[in-house]
Structures are given as structure tokens and as C-alpha cells.
Amino acid sequence: MPAISHDGIEIYYELHGSGPPLLLIAGLASDSQSWLPVLPGLAERYQVIVLDNRCVGRSTQECETSIALMAEDCRLLLDHLGLEGVPVAGHSMGGMVALELALRYPRLVGKLALIASTACNPVRNNLMFGDWADWYEDSDKRPAWLRMVLAWVLTPEFFDNLRMLEYAINYQLDYPWPQSAAAFRRQVHAIAAYDVTDRLPLISMPTFVLAAGRDILLPPPCSQQLASRIPGAQLMVLEDAAHSIHSEYAEEFVRLLSSVM
């Protein structure tokens with residue numbers, strides 16, 4: 001399997017399609033496979049690079065993590081591939097990683113897309129994620145835990161299709177590369193410790209902020225505030241979507257991202 005190794009850490013990645021490169025960085029508890037709904041559309045236009053952040057998927061899970069360390073993993077991956085000036089899109093926590101990558105290594109990031117993301121997670125979310133980490137340790141209640149998390153990231157209409165809901169739950173329960181409870185908690189701590197609000201004016205590349213109109217985890221005002229602090233940032237809102245924009249609105253997501261990257 002394709003991977004890079006450094007300092008005892010292995011980072012799994014995949015390449016899809018051909019054309020100009022595009023790096024996608026996933027959010028909390030999500031890995032490269034979370035982009036599957038949009039990969040076919042994006043791979044028609046780009047060589048899409050997806051990776052498993054440390055502490056999830058097929059990358060090393062039992063290791064220290066932080067937003068800075070995840071950004072460093074992305075830097076090493078781009079160096080490994082011999083790329084710079086790459087369009088980078090990050091979802092939620094992945095947006096934080098993309099921000100850190102852009103701030104640390106602006107030569108590597110040609111354009112930046114921040115999707116349902118923030119420069120500093122709200123206190124409410126940090127407290128809730130801490131509760132999620134506690135509850136995640138109880139494997140007997142994992143189906144209920146998954147339904148709860150899905151309620152925060154998907155639209156209410158998703159739950160009207162019970163067959164689809166059951167499929168989504170079973171997909172996660174049977175996933176061959178599950179995230180450990182300890183690794184999930186480490187990602188939660190990484191999010192809580194991150195705040196680059198004061199550094200946002202230093203972002204120098206074209207930046208696009210995509211908000212979901214029905215996002216209850218990071219509502220549109222979070223994206224509006226983020227865009228207002230980044231020089232020249234363009235704000236777009238997909239009104240009907242919830243937090244996991246690319247899961248339920250794949251075609252619209254591909255269209256919007258392709259239009260700016």
C-alpha cells in the first residue's frame with residue numbers, strides 16, 4: 001500500500017485520476033475513504049491526493065498528534081510526491097490542518113479551500129467532543145454513538161431513509177480500519193488546542209471558504225468570521241447542506257470546488 005514513513009510514523013495515501021494535483025484533508029475520525037462520494041467527479045479533473053491523517057485509518061494510530069503534526073505529515077507527503085503550489089482543501093478538522101500547512105509552508109499551497117471549518121473550535125464543540133470521546137470507549141453502545149454523531153453532521157432528511165441509515169451504521173461498524181478510542185481522543189485534544197485566529201491575516205494564497213447553510217456543528221457564522229479575517233477570501237454557502245457537505249451533496253460539492261480550485 002502507498003505510504004510514507006518518518007520518525008516511526010506511517011502515513012497512508014492514495015492518488016486518483018490525472019491532471020493538476022489536488023490535496024484533500026479529512027476531518028475528525030475521518031480518513032481517505034470519507035472522500036469516496038466526490039472522488040469520481042474530482043478525479044475527472046485532477047490528480048486527487050487523499051491521505052489518512054495520523055491517528056486514523058491505515059496510518060499509525062498509536063502516536064502523538066496535533067494539528068501542527070498533521071500539517072507536517074502533509075508537507076512530507078507533498079515533498080515525497082515532488083509537488084508545490086498545490087490546491088489544498090480541508091474539511092472541518094482538515095481545514096485546520098490545511099490552514100496550518102498554508103501558514104507554515106506557503107510555497108506548497110497554491111490555493112486554499114476551507115470547508116465547514118474554523119480557525120478555533122467553539123468551546124461548546126470541544127466539550128461535546130470530549131463527551132464523544134468518553135462514550136466512544138463503550139463499544140457496546142457504538143451504534144447509538146454513530147447515530148448521534150450522524151445527527152450532528154448530516155441533514156434530518158438523511159434519517160428519513162432508514163435503509164440508508166442502517167447501511168451507514170453497518171458500514172462504520174464493519175469498517176476494516178476502525179479508529180481506536182485512544183486515537184479518537186488524541187484527535188479531539190488536537191482540535192481543542194488549536195487556535196490560529198490571530199494568524200489568519202498572514203494567509204497569502206487565494207482562499208475559498210465553503211459553508212453549509214444547515215450546519216449545526218459549525219454554523220455559517222463560523223465560516224463568515226473565518227473568511228472575514230483572511231485577506232481576499234471568497235465565501236460560498238451551500239444552503240441545503242449540513243456539516244458533511246461532500247457526503248450528501250457530492251455533485252454540488254464537486255462543481256463548487258472545481259470552480260475555484
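Here are some notes:
- In this structure, the amide hydrogen of Ala241, modeled 1.01 Å from its nitrogen in the peptide plane, lies closer than 5 angstrom to those of Gly213, Arg214, counting only residues at least 5 positions away or on a different chain.
- Working note: Karplus 6.51/-1.76/1.60 with θ = phi - 60° gives segment 153-170 the couplings 10, 10, 6, x, 5, 4, 6, 6, 9, 5, 5, 5, 4, 4, 4, 4, 5, 5 Hz, where Gly and Pro are set to x.
- Hull volume per residue, based on the alpha-carbon atoms of segment 23-79 and their convex hull, is 78 Å³.
- Shape summary of segment 3-118, radius of gyration then Dmax from alpha carbon positions: 12.6, 36 Å.
- In this entry, segment 86-232 is assigned a mean projected area of 9.5 nm², taken as a quarter of its C-alpha convex hull surface.
- Each listed q (0.13, 0.14, 0.16 Å⁻¹) maps to a log10 I(q)/I(0) for the chain from the Debye sum over equal C-alpha point scatterers, namely -0.79, -0.93, -1.27.
- Segment 23-73 and segment 145-203 have their alpha-carbon centroids 13 Å apart.
- Normalising the average separation of contacting C-alpha pairs (under 8 angstrom, six or more residues apart) by the number of residues puts the relative contact order of segment 3-260 at 21 percent.
- Globularity index of segment 187-261, i.e. its alpha-carbon radius of gyration over 2.2 N^0.38 Å: 1.16
- Computed over segment 49-186, relative contact order equals 27 percent, with contacts defined as Cα pairs under 8 Å that lie 6+ residues apart.
- Ratio Rg/Rh, restricted to segment 53-155 and using Cα atoms, in which Rh is the Kirkwood radius: 1.03
- Here is the list for segment 105-185: GluC sites (Glu not before Pro) lying in DSSP coil, each with at most 16 other C-beta atoms within 10 angstrom of its C-beta, are Glu137.
We did not get these values from a lab; they are worked out from the coordinates using the rules stated. In this text, all values refer to a predicted model and were calculated from it rather than measured experimentally. Cβ atoms come from the backbone with ideal geometry, glycine included; neighbour counts cover every protein chain shown.
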